[in-house]
Ligand code: OAD
C-alpha cells in the first residue's frame with residue numbers, strides 16, 4: 001500500500017485535543033463491504049427506493065417487504081468485519097490521549113466491534129429489533145433466511161402481538177432523544193470533530209459539524225469526495241476512512257504503533 005500523508009495541521013490539532021468526536025456515515029463502513037446510500041452505482045438508494053423501504057408509511061403499506069430488506073441488511077452486517085478505520089478509532093481510545101466519542105448515522109455495529117469506547121447511534125441499530133406497537137425488545141428472536149427473500153412476514157411481539165420492526169430511525173421519524181442530546185453535547189465540548197464518510201445531506205445529523213464549529217472545535221473531513229459539509233470544515237482530507245484513520249492514529253500515538 002502506498003504511504004498515506006497525514007495533513008500536518010490535523011496532526012497538530014489531534015495531538016493537542018482533549019476531546020475528540022468522530023461523526024461517521026456510511027462511507028465509514030464502505031471498506032468493510034457495506035454499501036453506502038448515495039455513491040453512484042453502488043449506493044443503496046441507487047438500487048432501492050427509500051420511500052418504499054425506509055418510512056413509517058412503507059412499513060404500514062408492506063411490512064413483509066420492509067422486514068425482508070432489513071433482514072438482508074442485518075445479515076450483511078453480520079457477515080462483515082470492522083475495517084482498519086474502525087479499529088484505529090478503537091486504538092485511539094485505548095491510547096488514553098483524549099476523550100473519544102463516536103457519533104454515527106450507521107445502523108451497523110462495526111464501531112463497537114472495532115473497539116470504540118463510546119458510540120451514539122443517531123439513526124438506531126438494526127439489531128435492536130423491537131415491537132412496533134409497545135416497544136418490547138426482540139433482539140434475540142429474529143430468524144434470518146439463508147438466501148435473500150423479497151417478502152418475509154415480521155414476527156409477532158410476545159407481549160402484545162404487534163409486529164416486530166428493525167431498530168432503525170425511518171425518514172419522518174424523530175431521532176432517539178438520548179443519543180441526540182449526547183451527540184450535541186459532545187460536539188459542543190469537542191476540540192476536534194472528524195467528519196468521516198458522510199454526504200452531509202440528512203438533517204439533523206448534518207447540522208452537527210456547524211454546532212461543533214460554532215462552539216470552537218476544529219472540524220476536519222475525511223472523505224474521498226466533496227460533501228455537503230465540506231464548506232464548513234477547516235480542513236478536507238480526500239482519503240478513505242480505512243487509509244486515513246490508521247495513518248492519523250499512528251502519527252499521534254507512541255512510536256511503537
Ligand atoms: P451517503 O451514502 O449519503 O454518503 C456516503 C459518503 O461516504 C459519501 O460522501 C462518499 O463520498 C463517502 N465515502 C464513500 N466511500 C468512502 C470511504 N471508503 N471512506 C470515506 N468516505 C467514503 O451516507 P450517509 O451520509 O451516511 O438514513 O447517509 C446519511 C443517511 O442517509 C443514512 O444514515 C441513512 C440514509 O438514508 C436513514 O436511513 C434514515
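The values are calculated or read from the model by the stated rules, or taken from the named source; none is laboratory data. Predicted model, so just to flag it, every value in this text is computed and none were measured. Positions of Cβ are backbone-derived with ideal geometry, glycine not excepted, and every protein chain shown enters the neighbour counts.
Couple of notes before you dig in:
- Considering the conditions (1) away from the ligand (no atom under 16 Å from the Cβ); (2) surrounded by 15 or more Cβ atoms within 10 Å (Cβ to Cβ); (3) part of a loop (DSSP other than H, G, I, E, B), residue 160 is excluded by exactly one of them, (2).
- Restricting the stretch 87-100 to residues that are without any contact (Cβ under 8 Å) to a residue 60 or more places away in the chain and closer than 16 Å to residue 21 by Cβ, the residue that is nearest to the ligand (Cβ to nearest atom): 90
- Pairs are defined by a Cβ separation below 6 Å, a sequence spacing of at least 6 or placement on different chains, a first member in the stretch 160-174 that is in contact (Cβ under 8 Å) with a residue 12 or more places away in the chain and farther than 15 Å from residue 53 by Cβ, and a second member that is within 16 Å of the ligand (Cβ to nearest atom) and part of a strand (DSSP E or B); the pairs so defined are 167/124.
- Test for residue 152: is it in contact (Cβ under 8 Å) with a residue 60 or more places away in the chain, surrounded by 15 or more Cβ atoms within 10 Å (Cβ to Cβ) and either touching a helix residue (DSSP H, G or I) at 6+ places or on another chain (Cβ under 9 Å) or not assigned by TED's automatic domain parsing to the domain that holds residue 86 (or both): yes
- Identity of the residue in the stretch 20-45, within 6 Å of the ligand (Cβ to nearest atom) and in a helix (DSSP H, G or I), that ends up surrounded by the most Cβ atoms within 10 Å (Cβ to Cβ): 27
- Residue ID - farthest from the ligand (Cβ to nearest atom), chosen from residues in the stretch 196-241 that are under 21 Å from residue 15 (Cβ atoms) and part of a loop (DSSP other than H, G, I, E, B): 216
Yes/no per residue for (1) within 29 Å of residue 188 (Cβ to Cβ); (2) in contact with a strand residue (DSSP E or B) (Cβ under 7 Å, 6 or more places away or on another chain); (3) not assigned by TED's automatic domain parsing to the domain that holds residue 254:
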{"site": "2", "(1), (2), (3)": "no, no, no"}
{"site": "5", "(1), (2), (3)": "no, no, no"}
{"site": "12", "(1), (2), (3)": "yes, no, no"}
{"site": "20", "(1), (2), (3)": "yes, yes, no"}
{"site": "40", "(1), (2), (3)": "no, no, yes"}
{"site": "45", "(1), (2), (3)": "no, no, yes"}
{"site": "53", "(1), (2), (3)": "no, no, yes"}
{"site": "103", "(1), (2), (3)": "yes, yes, no"}
{"site": "115", "(1), (2), (3)": "yes, no, no"}
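- Selected residue [touching a helix residue (DSSP H, G or I) at 6+ places or on another chain (Cβ under 7 Å), within 13 Å of the ligand (Cβ to nearest atom) and within 21 Å of residue 178 (Cα to Cα)] from 107, 103, 66, 119: 103
- Against the test of being in a helix (DSSP H, G or I), free of Cβ contacts under 8 Å to residues at least 40 places away in the same chain, under 30 Å from residue 251 (Cα atoms) and more than 11 Å from the ligand (Cβ to nearest atom), the options 12, 52 yield a single qualifying residue, 12.
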